[in-house]
Amino acid sequence: MSVLRVGIIGAGGIASGVHIPSYLNSGYKVEIVAIADVIVDRAQQVAEQFTIPHVFTSYKEMLKNVELDAISVCVPNKFHAEATIAALEAGCHVLCEKPPAMTVEEAQLMVKAASDSGKILTYGFHYRYRPEVEIAKSFIDAGEMGDIYSARIHAIRRRGIPGWGVFTNKELQGGGPLIDIGVHMLDTALYLMGYPEPEVVLGKIHQQIGHKKGVGLFGEWDFENYTVEDMAIGMVTFKNGATLTLETAFAANVEKDETMQVSLMGNKGGADIFPLKIYQEKYNTLIDSTPAYLPEVNGHQLEINQFVACCLEGKTPLSTPEQGLIIQKIVNAIYESAETGKAIEY
């Protein structure tokens, strides 16, 4: 395969603003051949903008009528599993936006579809490609931090409720900040911890701000139809003995407009990832290490670059279907625990 023929499912902002331009700037021979969206005017507008020859209102018709090698799934979360499985069964590699799905059962079916088809399935966890994460991973792989036994995650906005899209629609998204911004930091932590299997998950959610009119740093949100949580809190214990705590919010009364942070603790060292600072005990003293230089990168671009390379060269992607299943288990368990008031055991 010398040229990768790509189809896009969903013509929203993540497709037109991230996926399509990233494919075109990947440095590989990529052709965006077709795009499908239930809103045909939106699909036609994006097709005209990027000179995409084929436009469909049904991705099933697109998969049936156009020869494609790879698919980007850029639709609301409710439709991730169905579209991804259909694309895999049609013989396409798939890059699906995060989170993997709405339920654990859907994520399991996605794993099976990828295995049965022999095609690549990967997810849009672009924070993995940040230099801070790569450097921290190098320290961990070299044994500099020892065993990572605990992690803390913060993905918190002061008033960052999206005023566009379907981010506040539980039926289409499955949840709020946990599955939108929290899942990025959760994936980053799990990636650096070696993606351990969860054992017990405890969760609590709050809706105190989003259902009322207020100051929006991301535009005015539809408070009258706000159906997701403002904040989610979670604690996870893993089968290898490690622990993780998580706080994520679209809206909270805190100082900073946004905090995205992963903190790791190992028995030989620890780290805060954004910005990167490593803490160790060496030579009879306590050492704090910070990089003097980090390259400026576009995580989305690097994510697309790797997906294209994997499709063309047969490589294994950085984010795997099995890891997607683990993160889906944790996310859904936090929501289930919050609803039932009980810890969820795996």
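The table that follows gives values for the structure above.
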quantity: Cut-off 11 Å between beta-carbons: net charge of the residues surrounding residue 9, Lys and Arg +1, Asp and Glu -1; calculated: -2
quantity: Nearest-0.05 FRET efficiency for residue 298 and residue 66, computed from C-beta distance (R0 35 Å); calculated: 0.80
quantity: Accessible surface, the chain, averaged per residue in Å² (probe 1.4 Å); calculated: 46
quantity: Segments 156-168, 174-186, 93-105 sorted - mean Cβ within 10 Å per residue, highest first; calculated: 174-186, 93-105, 156-168
quantity: Simple Cβ-charge dipole of the stretch 47-166, Lys/Arg +1 and Asp/Glu -1, about Cα centre, in debye nearest 20; calculated: 580
quantity: Added length on full extension, which subtracts the Cα-Cα distance from 0.36 nm per residue, residue 172 to residue 220; calculated: 15.3 nm
quantity: The stretch 6-17 - phi-based ³J(HN,Hα) in whole Hz, Karplus 6.51/-1.76/1.60, Gly and Pro as x; calculated: 10, x, 10, 9, x, 10, x, x, 5, 6, 6, x
quantity: Gap separating the Cα centres of the stretch 2-23 and the stretch 165-226, nearest whole Å; calculated: 25
quantity: In sequence order, calculated HN-Hα J values of the stretch 132-138 (Karplus, 6.51, -1.76, 1.60; Hz; x Gly/Pro); calculated: 4, 6, 4, 5, 4, 4, 5
quantity: Amide H within-cut-off set for residue 71, under 5 Å, with H built and near neighbours excluded; calculated: 7, 93, 94, 95
quantity: Computed helical MRE - 222 nm, the chain, DSSP H runs ≥ 4 contributing -39500 (n - 2.57), nearest 500; calculated: -9500 deg cm²/dmol
quantity: By average C-beta atoms within 10 angstrom, highest first, the peptides 19-30, 321-332; calculated: 321-332, 19-30
quantity: For peptides 190-196, 137-143, 243-249, 37-43, sequence by mean Cβ density within 10 Å, most packed first; calculated: 243-249, 190-196, 37-43, 137-143
quantity: Charge sum, other residues only, whose C-beta stays under 15 Å from residue 70's C-beta, Lys/Arg counted +1 and Asp/Glu -1; calculated: -3
quantity: Magnitude of the charge dipole, the chain, Cβ model with Lys/Arg +1 and Asp/Glu -1, debye to 20; calculated: 240
quantity: Global geometry of the stretch 196-346, whether rounded, prolate or oblate, following the gyration tensor of its Cα atoms and the 1.5 cut on a/c; calculated: rounded
quantity: Cα lying deepest toward the dipole's positive end in the chain, options 8, 207, 168, charges on Cβ; calculated: 207
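The values are calculated or read from the model by the stated rules, or taken from the named source; none is laboratory data. Small disclaimer: the values here were computed from a predicted structure and weren't measured. Virtual Cβ from ideal backbone geometry, glycine too; neighbours counted across all protein chains shown. Note: accessible area is taken over every heavy atom of the protein model, side chains too, but ligands, DNA and RNA are not part of it. Shrake-Rupley method; radii C 1.70, N 1.55, O 1.52, S 1.80 Å.
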